[in-house]
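Encoded as structure tokens, the structure appears first; notes follow it.
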Amino acid sequence: MFPAKLAASLLGSALLLTPVLARDDGRYDHSPLKSWFESLQSEFGKCCTDADGYIVSDADWESSRGRYRVLIDGEWVLVPDGAVVTEPNRFGRTMVWRHYIDGHPRVRCFMPGFMT
């Protein structure tokens, strides 16, 4: 029974990380937030340059003592302070821009949203 629950949990987490403005293939040309998304950056550089942005559900991120962590591909990842986007979140939803090092997810940019 445990492997089935684990598999269901991982599948659910994967489905909750939904791509948003991940690649500019023209479909977001008329979005009023397009230029705003493209301007977002952290201390690691522009968010949309080399990493895809994903919406994160409320259950898959948390804040404690001023630090954030986010669940990416079944792995809780501590968000580096420099990855936090300090600009006000005009989109409203929590987002993460991720990349991988040695097969493990890392956070390039993280923008906390409004928890419901």
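The values are calculated or read from the model by the stated rules, or taken from the named source; none is laboratory data. Note that the structure is a prediction, hence the values are computed from the model and not measured. Positions of Cβ are generated from backbone atoms using ideal geometry, with glycine treated the same way; all protein chains shown enter the neighbour counts.
Conditions tested, residue by residue: (1) of a type in the set (D, E, K, R); (2) over 13 Å from GLY113 (Cβ atoms); (3) in contact with a Leu (Cβ under 9 Å, 6 or more places away or on another chain).
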residue	(1), (2), (3)
GLN41	no, yes, no
PHE44	no, yes, no
GLY53	no, no, yes
ASP58	yes, no, no
GLY92	no, no, no
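For segment 84-92, does any single residue satisfy the condition of being in contact with a helix residue (DSSP H, G or I) (Cβ under 7 Å, 6 or more places away or on another chain) and of a type in the set (Gly, Ala, Ser)? No, segment 84-92 has no match at all. Taken across segment 96-105, residues that are under 15 Å from GLN41 (Cβ atoms), among the β-branched types (Val, Ile, Thr) and out of contact with any strand residue (DSSP E or B) (no Cβ under 7 Å at 6 or more places or on another chain) do not occur at all.
For segment 52-111, which strands (runs of 3 or more DSSP E) that fit wholly inside it have 3 or more residues that are more than 21 Å from PHE37 (Cα to Cα)?
Qualifying strands (runs of 3 or more DSSP E): 61-64, 67-72, 75-78.
For PHE114, state whether it is over 15 Å from CYS48 (Cβ atoms) and not in a strand (DSSP E or B). In short, yes. Take the residues of segment 71-93 that are in contact with a Ser or Thr (Cβ under 8 Å, 6 or more places away or on another chain) and within 16 Å of ASP52 (Cα to Cα): which is modelled with the lowest pLDDT? It comes out as ASP73.
In segment 66-98, the qualifying residues are those that are of a type in the set (Val, Ile, Thr) and touching a Pro at 6+ places or on another chain (Cβ under 8 Å), and the one that is surrounded by the fewest Cβ atoms within 10 Å (Cβ to Cβ) is VAL84.
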